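Engineer: Here it is, the structure in full.
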Amino acid sequence: MRGWGAALALSIPLVLLGAAGPAGADFLDAVGDAFSKLNLFEGLQLSGRADFSARGNFTQGSREAYESQFWNTSPLQATTSLDVSGPIWNHFGIRAHIANSGYGHNDNRLMLGWQDKHTALLWGDLSVRLAGNEFASYSKSLKGWQFDQMIGPSFLFRTFQSKEKGLVRRQTFAGNNTSGPYFLTYTPVVEGTELVKVDEQPMRFGEDYILDYDTGQLYFEPPGKPPRLIASTSTISVSYQSATNYETGGTTRGFQAETLLFDDDLEMVLTRLEHNASGGNSDTARFQDDIFQGSGSTGPFDVRYSPILADGSKAIINGQETIVRDALIVLMDGVEQQEGVHFDADRQIGRIIFRLAVPPTAVVRIKYYYEVGGGASNDSAVTGLALRHRLNDALSWDFALARSDPLGGSEAGNALSAGARYSGGSKFDVNLQYRNIDPTFSYVDTVGFFRSEKGLNAAVGWRPNEHIQFAHNFSDVKTNSGYTYGYSGYYGGIGSDGDYRARDGLLQDDPEPPTTLDIRAVRHNSNLSITYPQWPSLRLSRQTMENAGGSTG
């Protein structure tokens, strides 16, 4: 079987077109003058894109075999997007994003706000981020309001309240000696919310991996770089926020006050976060009806949300416990298709593949119940204080303290970290940190990886010249769960800002972690990099790890 194809792609920037001729120009000038007098839309920016792809193919041999191997054979494909940002009137502005992927996914976001030099009030689809204290940090996409106020040159106050737009997910799975795809279970993924690690080392989007937010397919094939094969002995960890078509998780509110003292050498950050689960959705499954146009191939047809329930599953739907007899129904032009006869389904990733090609004129309708899990189930609150002091250009120290108060009556917990950093310019740096996180300490539900531990982390970096770099990381802690291979409590070295953040270097996927720190975990990680121009690059790494103790030995 041989196949030839031809494709013509046309990209059209979206612009505003006026009427041709002098009359049309005069009319537009008059409208522009009126807007200028009222200060309307001064500086408002519109940008967009429409991509149209037309395809044709000629097959010599088996047409059926060709269509079964190349799923995207639709004769016409269109994707559109429109972005609007800037002032509407004086200090009142808008930021909107409207997009249609062409595969049934519409990504629409809207934020309105009022802002001047010292004050900002925002409402709509927000990306709230509170940083500065690793135990009281928060990073999530929400729907609500946010208020920022600058007082003087160095005091910032921020507060917000919102409804959850999605649920936080954490997954851990082994590599399979390929660069992917690896599948995230709960889709679609809220764009930009994911944190990805391989052997506990943070990965960067576009530099180390790419992710299809619609289907949850994760590839370690960054553009312009060779693919990275993830060994079967390696562990991939992903924390992300999955989108939903309903409000979830109750209400989250909080505030943060940060200021600089003593000639801006001391930074102080006070944070308070509260999560109220009442009013959240207790459903464990939802119904969805997706419609697709046939493409002349067998598929795949990827549904909007996943995973799809198994037939006969027990679930809570609309607040009522029920047994879902038929969790997946597939129709082609109104005629029900049989799983295992007409199509095959991978319910975990929400993918349907037909056994015969679906004509381009056919309409495929997929009705299904998908698992939603649940958000934070208890009311909780965290209060934190963080200090960071620069003694001189080379030496600084930091301190962070937080207390969690589960409002439902559970036991409170404390978390503390203290560290010091010495930087000898570009040649040498040392970073020490002590951490003590109670097993009873609980984080307000947010994207990240968290664990309980007590002990010391240290890192030394040495760079004799611009071509040679050596780093050694060490940790000796008591913890409630052992390290996976590749962990380093400190991932910095020369050129790093030296911050430790729980969400960047820690792993916990167990929904009910042990309540005692009975495992001693010791870690050594040495790396040598030699990169002279026109020479082959040399990178040597040695890692040792020891886990001892615990209930299983």
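The values are calculated or read from the model by the stated rules, or taken from the named source; none is laboratory data. Just so we're clear, the structure is a prediction, and the values are computed from it rather than from any experiment. Cβ: placed from backbone, ideal geometry, glycine included. Neighbour counts: every protein chain shown.
Engineer: So, in the stretch 347-359, how many residues would count as being in contact with a Leu (Cβ under 9 Å, 6 or more places away or on another chain) and not in a strand (DSSP E or B)?
Structural biologist: 2
Engineer: Pairs under 8 Å by beta carbon, first residue touching a residue at least 24 places away in the same chain (Cβ under 8 Å) and buried (at least 20 other Cβ atoms within 10 Å of the Cβ) in the stretch 454-471, partner in a strand (DSSP E or B) and of a type in the set (Val, Ile, Thr), six or more apart or different chains?
Structural biologist: Going by the 8 Å Cβ cut-off, the qualifying pairs are Asn457/Val477; Ala459/Val430; Gly461/Val430; Ala471/Val460.
Engineer: Let me ask another. If you go through the stretch 123-130 one residue at a time, do you hit one that is part of a strand (DSSP E or B), among the basic types (Lys, Arg) and at pLDDT below 80?
Structural biologist: There is no residue in the stretch 123-130 that is part of a strand (DSSP E or B), among the basic types (Lys, Arg) and at pLDDT below 80.
Engineer: Taking the criterion of being touching a residue at least 12 places away in the same chain (Cβ under 8 Å) and outside any loop (DSSP other than H, G, I, E, B), would at least one residue in the stretch 339-346 satisfy it?
Structural biologist: Checked against the condition, which is being touching a residue at least 12 places away in the same chain (Cβ under 8 Å) and outside any loop (DSSP other than H, G, I, E, B), the stretch 339-346 yields at least one hit.
Engineer: Six or more apart or on different chains, Cβ under 6 Å: which pairs go from a residue in the stretch 182-199 that's within 13 Å of Val238 (Cβ to Cβ) to one that's surrounded by fewer than 21 Cβ atoms within 10 Å (Cβ to Cβ) and of a type in the set (Lys, Arg)? Could you list them?
Structural biologist: Every condition considered, the pairs that remain are Tyr186/Arg169.
Engineer: For the stretch 297-337, which positions are closer than 13 Å to Lys367 by Cβ, of a type in the set (Asp, Glu) and in a strand (DSSP E or B)?
Structural biologist: Listed by number, the list holds a single entry, Glu336.
Engineer: Is it the case, given these coordinates, that Ala174 is surrounded by fewer than 20 Cβ atoms within 10 Å (Cβ to Cβ), aliphatic (A, V, I, L, M), under 20 Å from the mean Cα position of the chain (by Cα) and under 23 Å from Leu218 (Cβ atoms)?
Structural biologist: Yes: the conditions hold for Ala174.
Engineer: Only one residue in His91, His118 is modelled with pLDDT of 80 or more and farther than 25 Å from Lys143 by Cβ. Which one?
Structural biologist: His118
Engineer: On to the next question. Of the conditions (1) more than 32 Å from the chain's Cα centre (by Cα); (2) closer than 30 Å to Thr251 by Cα, Pro359 fails just one. Which one is it?
Structural biologist: (2)
Engineer: Follow-up. Yes or no: the stretch 144-153 includes at least one residue that is over 21 Å from the mean Cα position of the chain (by Cα), surrounded by fewer than 18 Cβ atoms within 10 Å (Cβ to Cβ) and aliphatic (A, V, I, L, M).
Structural biologist: Within the stretch 144-153, one or more residues are over 21 Å from the mean Cα position of the chain (by Cα), surrounded by fewer than 18 Cβ atoms within 10 Å (Cβ to Cβ) and aliphatic (A, V, I, L, M).
Engineer: Related question: Determine whether Asp333 is closer than 30 Å to Gly384 by Cα and surrounded by fewer than 15 Cβ atoms within 10 Å (Cβ to Cβ).
Structural biologist: Spelling it out, it is not the case that Asp333 is closer than 30 Å to Gly384 by Cα and surrounded by fewer than 15 Cβ atoms within 10 Å (Cβ to Cβ).
Conditions (1) at pLDDT below 80; (2) over 27 Å from the mean Cα position of the chain (by Cα); (3) not assigned by TED's automatic domain parsing to the domain that holds Ile437, marked per residue:
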position: Tyr500; (1), (2), (3): yes, no, no
position: Thr516; (1), (2), (3): yes, yes, no
position: Val522; (1), (2), (3): no, yes, no
position: Trp535; (1), (2), (3): no, yes, no
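Engineer: Additional query: Among (1) under 30 Å from Leu401 (Cα atoms); (2) buried (at least 22 other Cβ atoms within 10 Å of the Cβ), where does Asp263 come up short?
Structural biologist: (2)
Engineer: Within the stretch 475-491, can one find any residue that is under 29 Å from the mean Cα position of the chain (by Cα) and modelled with pLDDT of 85 or more?
Structural biologist: yes
Engineer: Going by the structure shown, is Asp289 surrounded by fewer than 17 Cβ atoms within 10 Å (Cβ to Cβ), modelled with pLDDT under 90 and outside any strand (DSSP E or B)?
Structural biologist: no
Engineer: Among the residues of the stretch 299-310, is there at least one that is modelled with pLDDT of 85 or more, buried (at least 20 other Cβ atoms within 10 Å of the Cβ) and assigned by TED's automatic domain parsing to the domain that holds Leu391?
Structural biologist: Looking through the stretch 299-310, none of the residues is modelled with pLDDT of 85 or more, buried (at least 20 other Cβ atoms within 10 Å of the Cβ) and assigned by TED's automatic domain parsing to the domain that holds Leu391.
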